[in-house]
Amino acid sequence: MSTATLPDTSDNQAAESRWAVETHGLTKRFGENVAMNGVELLVPRGCAFGYLGPNGAGKTTLIRVLLGLTHADAGTMSLLGFPVPRHRDLALARVGAIVDEPRFHGHLSGRENLQILAAAREPEARDRIESALERVGMLYRADDRVSKYSMGMRQRLGVAACLIGDPELLILDEPMNGLDPAGMAEMRDMIVSLVAEGRTVVLSSHLLDEVERTCDAVAIVDRGKVIRQGPISELLAGASLALQVECSEPDRARSLLEGSTIGAHIEVGPLGLGITLPAGTAREVIAEINRILVEGGIAVYRLQEIQASLESWFLQVTSRLGAPE
Ligand SMILES: Nc1ncnc2c1ncn2[C@@H]1O[C@H](COP(=O)(O)OP(=O)(O)O)[C@@H](O)[C@H]1O
Ligand SMILES: [Mg+2]
């Protein structure tokens, strides 16, 4: 397609954009309350991206602003390279979203609900209903009233409703909410398979564990601000290093290490020494710890590096998680 046929270059920009979601300085106030405070977000295409933060952090607000359901007070944003709200229609034709909980007509069947939604879309949407129902494992309940569905079934029908638009980007607000462990596992598998098809999935969540298990990259949001973002593996590389040491004379072992030049935080616990080293500590320091102990006459039975979890990392960057609102 030549650029001359386009009203402007937005379609070309969209094709070239690396980012499924891009925001700069996005701000939203409710009276005195700043729900979103200069959000800078870059979501790469083709990944599962977690927007992670405690309740009230401003996750739903971001999603509502992205979808044009409410306006931002300041900042700029684009979806799949289309600046919104300027090209909202072009962008949203390629986006499927579930905000808060998926809402359906309870007295109609799952299939009828999708037919209503498809009627408001391009003609192809109707042809995708059966495959979408099959895709989310709801074909067998498609003729039952939605009012009889469990929360997990509603969530799955919500994803089916997204899929009838064949979206490049899915935005799911707390998709694990209200699901039992089996339902969560199904949702997780579904998200992973959507990404495997080349789609981008952005999900908001306050569940660290789910984000860690489902997503490739994450943004941590707290009090309306994105504190950190990036691939989970890279963020964890910036976490402090934790060691567990099982040894004789743990109290004397601690004194030996505290008297050395190793800048470690050391606790004596039931399993031996718990040693925390600052982010970026060279692995040679682990060997050095072993040497100091052995030369000090301490018997070292076990020295193990503890894998940093997203949770421990998250707790390092914000201590507010789980605190009452
Ligand atoms: N429509 C609204 N009117 C007033 N305040 C709101 C509204 N929506 C959200 N808020 C406030 O904005 C903040 C962020 O809310 P929300 O985006 O729902 O957080 P999250 O989805 O992360 O739990 C909260 O303090 C919430 O009370
Ligand atoms: Mg929310």
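The values are calculated or read from the model by the stated rules, or taken from the named source; none is laboratory data. Source: prediction; values computed, not measured. Neighbour counts run over all protein chains shown; Cβ positions are idealised from the backbone, glycine included.
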Those residues that are touching a residue at least 12 places away in the same chain (Cβ under 8 Å) and not in a loop (DSSP other than H, G, I, E, B), I need them from segment 83-93; list them, please. PRO83, VAL84, ARG88, LEU90, ALA91, LEU92
Residues that are crowded, with 23+ Cβ neighbours inside 10 Å, within 16 Å of ligand 1 (Cβ to nearest atom), in the same structural domain as ASN113 (by TED's automatic domain parsing) and not small (Gly, Ala, Ser): does segment 192-203 have at least one? yes
Quick test for you: out of ARG228, ARG156, pick the one residue that is over 12 Å from LEU52 (Cβ atoms) and among the charged types (D, E, K, R). ARG156
Determine whether segment 102-110 contains at least one residue that is in a helix (DSSP H, G or I), farther than 30 Å from ALA74 by Cα and modelled with pLDDT of 95 or more. yes
Is it the case that some residue within segment 37-46 is among the small types (Gly, Ala, Ser), within 16 Å of ligand 1 (Cβ to nearest atom), surrounded by 23 or more Cβ atoms within 10 Å (Cβ to Cβ) and in the same structural domain as ASN177 (by TED's automatic domain parsing)? no
Enumerated strands (runs of 3 or more DSSP E) restricted to segment 18-82, each holding at least 3 residues that are away from ligand 2 (no atom under 14 Å from the Cβ) and hydrophobic (A, V, I, L, M, F, W, C): 19-30, 33-44, 74-79
So which of GLU295, GLU210 is modelled with pLDDT of 85 or more, acidic (Asp, Glu), in the same structural domain as LEU80 (by TED's automatic domain parsing) and out of contact with any Phe, Trp or Tyr (no Cβ under 7 Å at 6 or more places or on another chain)? GLU210
Unmet criterion (only one of (1) assigned to a loop (DSSP other than H, G, I, E, B); (2) within 16 Å of ligand 1 (Cβ to nearest atom); (3) at pLDDT 95 or above) for PRO167: (2)
With criteria (1) polar (S, T, N, Q); (2) surrounded by fewer than 18 Cβ atoms within 10 Å (Cβ to Cβ); (3) modelled with pLDDT of 95 or more, SER150 comes up short on (3)
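Matching residues to (1) in contact with a Pro (Cβ under 6 Å, 6 or more places away or on another chain); (2) at pLDDT 90 or above:
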position: VAL226; (1), (2): no, yes
position: LEU235; (1), (2): no, no
position: VAL245; (1), (2): no, yes
position: ASP251; (1), (2): no, yes
position: LEU256; (1), (2): no, yes
position: VAL268; (1), (2): yes, yes
position: GLY272; (1), (2): yes, no
position: THR281; (1), (2): no, no
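Condition check ((1) more than 17 Å from the chain's Cα centre (by Cα); (2) at negative phi) across all residues:
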position: ALA161; (1), (2): yes, yes
position: ASP166; (1), (2): yes, no
position: LEU170; (1), (2): no, yes
position: THR200; (1), (2): no, yes
position: LEU203; (1), (2): no, yes
Residue pairs, Cβ under 7 Å, 6 or more apart or interchain, first in segment 206-233 and within 27 Å of ALA72 (Cα to Cα) and of a type outside the set (Lys, Arg), second within 14 Å of ligand 1 (Cβ to nearest atom) and in a helix (DSSP H, G or I). List them. VAL218/VAL211; VAL221/LYS59
I'm checking my understanding of the structure. Among residues of segment 171-211 that are part of a helix (DSSP H, G or I) and within 16 Å of ligand 2 (Cβ to nearest atom), which one is farthest from LEU41 (Cα to Cα)? GLU210
